[in-house]
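One structure, as structure tokens, below. Some questions next.
The values are calculated or read from the model by the stated rules, or taken from the named source; none is laboratory data. Predicted model, so just to flag it, every value in this text is computed and none were measured. Note that we place each Cβ from the backbone using ideal geometry, even for glycine, and neighbour counts take in every protein chain shown. For the accessible areas, the whole protein counts, side chains as well, though only heavy atoms, and no ligand, DNA or RNA atoms are used. Shrake-Rupley method; radii C 1.70, N 1.55, O 1.52, S 1.80 Å.
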Amino acid sequence: DTQVATFADRFAQDEGVLIQELIENHVEVSCGCLEKKDGKFLELPPIEIIPQVGTFFDYKSKYEKGGSIERIPAIEISEKLREKISKLSIDIHKLIGCRLYSRSDFLIKGDEIYYLETNTLPGMTATSLIPQEADAIGVDYTQLISFYIDNS
């Protein structure tokens, strides 16, 4: 679109601008991974995030009571996509040089996966996303903390 190109040209020269496509009607998911000392991984299932107080997973959605619904498994996407996202999270973790654990965030529209970012120090409260994902594969909070200690 000509307006977008003009906007980008105007600001890119002075400050630098990143313009991304607006992805509407998407499913938001996050997926962590846990790396053992030997380089093998515990593959975690993606968690679906449904903001309740905003249109995306912002500060209020994340931290206010009732701010979002978090579902494991991410039922709005297929099992095939859930498996692909789990593997993709591990690939990204390795590609950017993370160690022990990380969590990557994605938007899903149809069968398209849009990578947003990787959090290299995700939250570690009992209600944070990685502890919820670990619990879904039978690793409770105490075991998760032990995993971190044993594999550090």
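Once ligands and nucleic acids are excluded and a 1.4 Å probe is used, how much of R82 is accessible, expressed in Å² to the nearest 10?
50 Å²
While we're here: Measure off 7 Å from each Cα along the Cα-to-Cβ vector at T55 and Y115, then give the distance between these two points in nanometres to one decimal.
Label at T55, label at Y115, 2.7 nm between them.
Once the other residues with Cβ under 10 Å from the Cβ of L81 are scored (Lys, Arg +1; Asp, Glu -1), what is the net sum?
-2
Turning to a different aspect of this structure: Hey, which of these cross-link pairs are over 27 Å Cα-Cα: K40/K80; K40/K60; K36/K87? Spell out each step's value before the answer.
Details: K40/K80 22 Å; K40/K60 35 Å; K36/K87 15 Å.
Those over the limit are K40/K60.
Kindly provide the pair-distance distribution of segment 93-148 built from C-alpha pairs, with 10 Å bins from 0 and whole-percent values in order of increasing distance.
Each 10 Å bin holds this share of Cα pairs: 21, 44, 30, 4.
Quick check on segment 44-152: what does the Kirkwood estimate of hydrodynamic radius come out to from the alpha carbon pairs, in Å?
After inverting the mean inverse Cα-Cα distance, the result is 14.7 Å.
S152: net charge of surrounding residues, Cβ under 9 Å, Lys/Arg +1, Asp/Glu -1, itself excluded?
It works out to a net charge of +1.
Now for a separate question. How far is it, in nm, from the label point at Y148 to the one at K94 when both lie 7 Å from their Cα along the line to the Cβ?
For Y148 paired with K94, the spin-label model returns 2.4 nm.
Okay, next question. So what is the accessible area of segment 17-81 per residue, in Å², with the probe set to 1.4 Å?
Dividing the accessible area of segment 17-81 by its residue count gives 65 Å².
Next question. So how exposed is D135, as accessible area in Å² (1.4 Å probe, rounded to 10)?
D135 has an accessible surface of roughly 90 Å² with all protein chains in place.
Starting from the Cα of L107, step 7 Å along the direction of its Cβ; do the same at E21; then give the gap between the two resulting points in nm.
A separation of 1.0 nm, rounded to one decimal place.
Search the structure for amide H atoms under 5 Å from the amide H of L34, placed 1.01 Å from N in the peptide plane, and list their residues when 5 or more places away or on another chain.
Here L42, L44 satisfy the definition.
Turning to a different aspect of this structure: Determine the sum of side-chain charges near D105: Lys and Arg each +1, Asp and Glu each -1, restricted to other residues whose C-beta is under 10 angstrom from that of D105.
Overall, the nearby charge balance is -1.
When only the heavy atoms of the protein chains count and the probe is 1.4 Å, how do H93, H26 rank by accessible area, highest first?
From most accessible down to least: H26, H93.
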